[in-house]
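Each remark here refers to the structure printed beneath this line.
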Amino acid sequence: MTSSMLFNVTTLTYMVSMLLFFAFLASRNRTVGLAASSAAYFGFIVQTVAIALRWKESYDIGHGHAPLSNLYESVVFFSWTIILIYGLIEFKYKYRVIGAFVVPFALLGMAWAQLGLSSGIEPLVPALQSNWLLYHVITCFLGYAAFAVACGISIMYLVKEKQEGATGDAQAGGIIAQFPSIKVLDDLNYKAIMIGFPLLTIGIITGAAWANYAWGTYWSWDPKETWSLIVWFIYAAFLHARITRGWVGRRAAILSIVGFAATIFCYLGVNLFLSGLHSYGK
Amino acid sequence: MTTSKRGFMESAWDFFCSLKLSISLLIGLAATSIIGTVIPQSPPREYLESISAAKIKLYSALGFFDMYHSWWFILLLYLLTINLVACSVKRLPRIWKFISEPTLIFDDGLEKTLSLTHQFKMEGDAATLKEKMAAFLKGEFAEPVVTEVDGEYHLFAQKAPYSRLGVYVVHLSIIVIFIGALIGSFFGYKAYVQIAEGTSTSLVYKQGEERPFDLGFAVRCEKFSVSFYDTGSPKEFKSILTVLENGQPVSGYENIPIVVNSPLTYKGITFYQSSYGPAGDGAVYYFTAQNSKGGAPVQVAARKEERIPLPGGAFMRVLESTQDVRPFMPMFSGPAVRIEYLPASGEPQLVVLLRDYPDFDRQRGGELIFTYAGADEKFYTGLQVAKDPGVWVVWAGCSLMVLGIFIAFFLSHKRLWFRIANGRVTVGGTASKNQPAFQLFFDGLTEKLKKM
Ligand code: HEM
């Protein structure tokens, strides 16, 4: 058995989970909902094993490093963290239905990695040979994943709000009635960002510590650094927006979606469109 | 006159205390920061040649080529700082009062503001009930403060009141980080130096300065080496450095290997591996040349581009060399050279020689067979030199920030009030964070009270 087989199983399972979530939205059947999140957790376990296996495989061929060193590995890890954060939030707040808006992100990541990215295990270039790589990448991606979950919740918020506004009745509407109330969605959005913001902060700090250790400058306004700061500013604005009258709800949801768009640009766009020190995603 | 002046000061103060300003500044910083990631900072000449003169003029006037140090970006950062300080000055005393002088009396007004309240009938006189409830609160929650007003008893207990200060710790940390950055920019520097193997220097070149700067001690590069993976991509760049004071090696700083991600620090100055290259054209390459019909091989030593006579009227010249041939010839590895061979008669030939494959040149079938014995090539190591006395302040600020964020997000200021009057106990409570979890706790508490 190889890690790449298990990654294929993971992708399929997330696909099944997403379809079940959609069926859950349509049918309001609790059993379907349970099956949907069980599928997501099963996929998560398979993926965990696959990541561990890939780690071992890298030692077997003599390169020996954590599977976080190129775009393929980072996308796989990102999708893993998304399900992890979703699981935490579902477990803690018991709103299964947000899976319908979160699992697709994880599926998208896995499908892209499996179909579009080269999956070879390569040796680490000198710049990445540091334990800081682990701390930095893990915290950043957990943060990104929490923002992905917040973005899914914010999309639900906007859909729900629009529908409530249209009918003037919170009870109407088949599928959307399954959603938690906009008050709850607003709160969940905040809670997801409350998980993501400290993680991103630690991610930026470990990145700065690493840069200082490796290059003697903790901050050099490299495009990736700057974009991570942009993301951080946006979520800081979000946190303050929430305690200001007139900014809760709709505007906060939009800010959260903009924040996630910036996060994705920070993660992928910088490497695709801009140049800098983080050759990482190339 | 005075009133309008006062009015101005007051509105300026309100302006700087407003959270709307904070949100605008944060979004403004996020939006403007994008510019510097799209327009190259300190752009190379090729970029400048690729855009129009009008654009260059506009961009330089707006400071876009060094955007993060432009006056308007710095101004935004200062505004943020002022906003932060003003907001804190305005709110902190109130918060402090809130913590140090909590509301002890559980009156109707307070009761109306609380979403969690509960009322019980209880047997016993007020004084006994008070003792009982105080013991209960102490056991289940925290030691209460008891106040008696007109024969009614008010009990107040709280947990983690200082968690309210978490956000101020975060805000303070931002200012600490700014201070650290300022210290670094005033008292620190970044420089660069190239040291050839076997030589030492005390002079480094600071960024943007022509004249060298004397460190006050010297660094010698004992050796530089580079190694490669099977794939031909670099595995490690390593310099062996020794620190010299007055020409003498400093004990504990002799033959220190430094690689990317593992620098050397001496007297607060850190040396980072950053680049390397051949040190001048001082390298000597060693060859043997043997006639294919037999006879003793001839030893040849050559510098690059030097025309070396060979037996029989031929000549050779070293054109280029590499430490590792894999990127050019993936089937082979190890050092290689390319030489030009000028036979006594006939066309000049380009010949590749591989140190680790001594028989390689036989295939050529030439009159002379070469082997390459290697070179004593000298490298220079390129070191980044940095001194930043502010860096510890920055780390202190970062730690403070993480601590503050955790306090602000994950600690909750919980408060409970009990009122004992007319054989009835009224309970109320509130929490600053995670209200649902507090509600569970509150419900559990009232269940226990019911059973008493
Ligand atoms: C322009 C500068 C800023 C001002 C004037 C400002 C002001 C404030 C104020 C008044 C509060 C509410 C405090 C309370 O609830 O009593 C707050 C909360 C907070 N601020 Fe700031 N702030 C600024 C910048 C920042 C930045 C850059 C960060 C980045 C980490 C930050 C992090 C926080 C956090 C984490 C909270 C708590 C939010 C929550 O509990 O949801 N602030 N800020």
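So here's what we get for this one:
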| read-out | value |
| --- | --- |
| Checklist (1) modelled with pLDDT under 95; (2) within 16 Å of the ligand (Cβ to nearest atom) applied to residue B:379, failing item | (2) |
| Subset of the range A:240-251 that is at pLDDT 85 or above and either outside any helix (DSSP H, G or I) or within 9 Å of chain B (Cβ to nearest Cβ) (or both) - its residue that is most open to solvent (accessible area, probe 1.4 Å) | A:240 |
| Search result, residues across the range B:239-267 that are within 13 Å of chain A (Cβ to nearest Cβ) and crowded, with 19+ Cβ neighbours inside 10 Å | B:239, B:258, B:260, B:261, B:263, B:264 |
| Qualifying residue in the range B:26-44 (condition: touching a Leu at 6+ places or on another chain (Cβ under 6 Å), of a type outside the set (Gly, Ala, Ser) and either within 15 Å of the ligand (Cβ to nearest atom) or closer than 15 Å to residue B:84 by Cα (or both)) | yes |
| Boolean, residue B:172 is within 16 Å of the ligand (Cβ to nearest atom) and open to solvent by 40 Å² or more (accessible area, probe 1.4 Å) | yes |
| The range B:223-233, residues that are open to solvent by 40 Å² or more (accessible area, probe 1.4 Å), more than 18 Å from residue B:197 (Cβ to Cβ) and either in a strand (DSSP E or B) or more than 9 Å from chain A (Cβ to nearest Cβ) (or both) | B:228 |
| Residues that are surrounded by 22 or more Cβ atoms within 10 Å (Cβ to Cβ) and either of a type in the set (S, T, N, Q) or away from chain A (no Cβ under 11 Å) (or both), drawn from the range B:383-414 | B:414 |
| Complete set of residues in the range A:209-219 that are surrounded by fewer than 22 Cβ atoms within 10 Å (Cβ to Cβ) and aliphatic (A, V, I, L, M) | A:209, A:211 |
| Members of the range B:136-169 that are out of contact with any Ser or Thr (no Cβ under 9 Å at 6 or more places or on another chain), within 14 Å of the ligand (Cβ to nearest atom) and not hydrophobic (A, V, I, L, M, F, W, C) | B:162, B:166 |
| Qualifying residue in the range B:68-75 (condition: away from chain A (no Cβ under 12 Å), within 22 Å of residue B:19 (Cβ to Cβ) and of a type outside the set (Val, Ile, Thr)) | yes |
| Any hit, the range A:222-231, residues being in contact with a His (Cβ under 6 Å, 6 or more places away or on another chain) and within 13 Å of another protein chain (Cβ to nearest Cβ) | yes |
| Some residue of the range A:70-91 being within 14 Å of chain B (Cβ to nearest Cβ), part of a helix (DSSP H, G or I) and at pLDDT 90 or above | yes |
| Filtered residue count, the range B:329-358, keeping only those that are charged (D, E, K, R), open to solvent by 50 Å² or more (accessible area, probe 1.4 Å) and within 51 Å of the chain's Cα centre (by Cα) | 3 |
| Number of positions in the range B:112-135 that are hydrophobic (A, V, I, L, M, F, W, C) and touching a Lys or Arg at 6+ places or on another chain (Cβ under 8 Å) | 2 |
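The values are calculated or read from the model by the stated rules, or taken from the named source; none is laboratory data. Note that this is a predicted model, so its numbers are computed, not measured. FYI the Cβ positions are ideal-geometry reconstructions off the backbone, even for glycines, and counts take in every protein chain you see. Calculation scope for accessible area: heavy atoms of the full protein, side chains included, ligands and nucleic acids excluded. Shrake-Rupley method; radii C 1.70, N 1.55, O 1.52, S 1.80 Å.
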